[in-house]
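Engineer: Below: one structure in structure tokens.
The values are calculated or read from the model by the stated rules, or taken from the named source; none is laboratory data. Here the structure is a predicted model, which means the values were calculated and not measured. Heads up, the Cβs are rebuilt from the backbone with ideal geometry, glycines too, and the neighbour counts pull from every protein chain shown.
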């Protein structure tokens, strides 16, 4: 199950670069790829709290299934637990789509609302509100296993994702 969740999430992230021949990560001037992050989630009734460094990225001109879209991503792992999210905002107003994987205490919870790939698991809403160089993701979702996932992820800034050749 955990491997399947990571495969689905990996496919979602890989879609960000499928239209490009290759990708290259470039930090914003003066910003490392890891930034200050505060994660405050409730996952299946259990708190998931993290304050520290994690990877937050944003690309305003990405593609998902050949549709222009904004992409945000957050990657956090501290050994026995992790949070991985991708939030897509297609320009064609088809609605935001996201993939969220939360691993904690040996349990994996996956939400994937990316419809064109057919692997929809769970349901919910996620929004991002920009504030200065950073932003806050607000999550209200139910994982494929029925576990509720609610809360926020605050990134102090976003590094860029730069695709070349697309």
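Engineer: Out of all the residues in region 96-104, is one or more closer than 13 Å to residue 147 by Cα, touching a helix residue (DSSP H, G or I) at 6+ places or on another chain (Cβ under 9 Å), without any contact (Cβ under 8 Å) to a residue 60 or more places away in the chain and assigned to a strand (DSSP E or B)? Talk me through it step by step, then tell me what you get.
Structural biologist: Initially, region 96-104 is screened for residues closer than 13 Å to residue 147 by Cα, giving 100-104.
Restricting the remaining residues to those that are touching a helix residue (DSSP H, G or I) at 6+ places or on another chain (Cβ under 9 Å) gives 100-101, 103.
Those still in the list that are without any contact (Cβ under 8 Å) to a residue 60 or more places away in the chain too: 100.
Now drop any that are not assigned to a strand (DSSP E or B), which leaves 100.
Yes, region 96-104 contains a residue that is closer than 13 Å to residue 147 by Cα, touching a helix residue (DSSP H, G or I) at 6+ places or on another chain (Cβ under 9 Å), without any contact (Cβ under 8 Å) to a residue 60 or more places away in the chain and assigned to a strand (DSSP E or B).
Engineer: Condition (residue is surrounded by fewer than 21 Cβ atoms within 10 Å (Cβ to Cβ), within 26 Å of residue 35 (Cα to Cα) and at pLDDT below 95) applied to region 94-104: is it met by at least one residue? Before you say what the answer is, go through the steps one by one.
Structural biologist: To start, the set of residues in region 94-104 that are surrounded by fewer than 21 Cβ atoms within 10 Å (Cβ to Cβ) comprises 94-96, 103-104.
Next cut, within 26 Å of residue 35 (Cα to Cα) only: 96, 103-104.
Filter again for at pLDDT below 95, leaving 96, 104.
Yes, because at least one residue in region 94-104 is surrounded by fewer than 21 Cβ atoms within 10 Å (Cβ to Cβ), within 26 Å of residue 35 (Cα to Cα) and at pLDDT below 95.
Engineer: Only residues that are on the phi < 0 side of the Ramachandran plot, in contact with a strand residue (DSSP E or B) (Cβ under 6 Å, 6 or more places away or on another chain) and part of a strand (DSSP E or B): list them for region 105-134, please.
Structural biologist: Result: 109, 110, 111, 112, 121, 123, 125, 126, 127, 128, 129, 134.
Engineer: Looking at region 105-133 only, could you name the residues that are without any contact (Cβ under 8 Å) to a residue 24 or more places away in the chain and closer than 16 Å to residue 66 by Cα?
Structural biologist: Those that are without any contact (Cβ under 8 Å) to a residue 24 or more places away in the chain and closer than 16 Å to residue 66 by Cα: 115, 118.
Engineer: Take the residues in region 122-141 that are more than 25 Å from residue 33 (Cα to Cα) and crowded, with 17+ Cβ neighbours inside 10 Å; name whichever of them is modelled with the lowest pLDDT. Let's see the steps before the verdict.
Structural biologist: To start, the set of residues in region 122-141 that are more than 25 Å from residue 33 (Cα to Cα) comprises 122-125, 140-141.
Filter again for crowded, with 17+ Cβ neighbours inside 10 Å, leaving 122, 141.
Working: 122: 94, 141: 97.
Looking at the filtered set, the residue picked out is 122.
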